[in-house]
Every structure is written in structure tokens, then in C-alpha cells.
Amino acid sequence: MVVVFCVFKFQVRELVLDNCRSVEGKIEGLTAEFVNLEFLSLINVGLISVSNLPKLGKLKKLELSDNRISGGLDALAEKLPNLTHLNLSGNKLKDISTLEPLKKLDNLKSLDLFNCEVTNLDDYRESVLEGNF
């Protein structure tokens, strides 16, 4: 007897794909069909950009730690307009200017940049807290 577990993508609210490998910046199977997704974890998947993430209008929390993202964060505001929590710790973010697109995330309440080179800059804390990045 074979038991088949079937979940429709529109039913999924949380999706953890940690340590899955991205291929050419894409995670296989991750599509805009996950219309009710609120939490997505893509820790250590080898992403170098967020430009290939699908549009996920209900997503609130995104875990992107331990990837190789160095910029191109402008896609987040367009594709994830309701994001409240963003974890970018352990990525290759070096300059305050790379964080500028995050200003467009009107609902963002939590931003984790632990272990990113940008946190070593002298005026990093003031710039981020005052939104002057």
C-alpha cells in the first residue's frame, strides 16, 4: 500500500528549504503559486541574488542567512511588499548603499545583518537606525 501525501501550494503557509542548492539563482519548485506563504527559509542555499525570488504578496518573514548575496535587494520591495522580518546575516553585504532598497519595505520591523561586512563600518548603526542608508 502506498500512501500519498498531497499538499496544494496555495495551502502552504510556511516553507523551509534550508541547505537546498539553488541552480542559477533559482530554487526549483519555488513559484508564485505559494500565494498564502507567510514564512520562507532559504538558509545556506547558495543564493547570490534575490532577483529570482517569485512574487509572494503575503510573505512576512524571510530567512536568507548564510548565502552569498552582495546586493540587488531592490527586488524585495517589488516581490515581497508585506515583509516584516528579514534575516540577511552571513551574506556578502559590504556597503550601506546596498541596503538602500530596503527603505521601500514599508512594513519591515526586523532586519538581521549579523556577520555581514557592512556591520563593520563606522556609521553603520546610525545609518540603519535612522534610515539613512
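Identify the residue in region 96-114 that is under 18 Å from ILE48 (Cα atoms) and surrounded by fewer than 14 Cβ atoms within 10 Å (Cβ to Cβ) and, among all such residues, is modelled with the highest pLDDT.
If we filter region 96-114 for residues that are under 18 Å from ILE48 (Cα atoms), which is where we start, we get 96-102, 112-114.
Retained after the next criterion (residues that are surrounded by fewer than 14 Cβ atoms within 10 Å (Cβ to Cβ)): 97, 114.
Values: SER97: 92, PHE114: 96.
Per the stated criteria, the residue is PHE114.
Residues to consider are SER65, SER70, SER89; find the one that is farther than 15 Å from LEU111 by Cβ, of a type in the set (Ser, Thr, Tyr) and modelled with pLDDT of 95 or more.
Details: SER65 fails: farther than 15 Å from LEU111 by Cβ; SER89 fails: farther than 15 Å from LEU111 by Cβ.
Testing whether each residue is farther than 15 Å from LEU111 by Cβ, of a type in the set (Ser, Thr, Tyr) and modelled with pLDDT of 95 or more leaves just SER70.
Looking only at residues in region 38-77 that are among the small types (Gly, Ala, Ser) and part of a loop (DSSP other than H, G, I, E, B), which one is nearest to LYS9 (Cα to Cα)? Give the steps one after another, and end with the answer.
Going through region 38-77, the residues among the small types (Gly, Ala, Ser) turn out to be 41, 46, 49, 51, 57, 65, 70-72, 75, 77.
With the extra rule that they be part of a loop (DSSP other than H, G, I, E, B), the set shrinks to 46, 49, 51, 57, 65, 70-72.
Numbers: GLY46: 23, SER49: 24, SER51: 21, GLY57: 14, SER65: 24, SER70: 30, GLY71: 29, GLY72: 27 Å.
Once the filter is applied, the top-ranked residue is GLY57.
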- Is region 18-37 home to any residue that is within 23 Å of PHE114 (Cα to Cα), assigned to a strand (DSSP E or B) and under 15 Å from the mean Cα position of the chain (by Cα)? no
- Looking at PHE8, is it in contact (Cβ under 8 Å) with a residue 24 or more places away in the chain and among the aromatic types (Phe, Trp, Tyr)? no
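Which count do you get for residues in region 10-66 that are of a type in the set (D, E, K, R) and within 19 Å of ASN82 (Cα to Cα)? Can you show your working first?
Taking region 10-66 and keeping what is of a type in the set (D, E, K, R), we get 13-14, 18, 21, 24, 26, 28, 33, 38, 55, 58, 60-61, 63, 66.
The next check asks that each one be within 19 Å of ASN82 (Cα to Cα); those that pass are 13-14, 33, 38, 55, 58, 60-61, 63.
Going through region 10-66 one residue at a time, the tally reaches 9.
The values are calculated or read from the model by the stated rules, or taken from the named source; none is laboratory data. Bear in mind the structure is a predicted one, so any value in this text is a computation, not a measurement. Quick reminder, even Gly has a Cβ in these numbers, built from the backbone with ideal geometry, and neighbours come from all protein chains shown.
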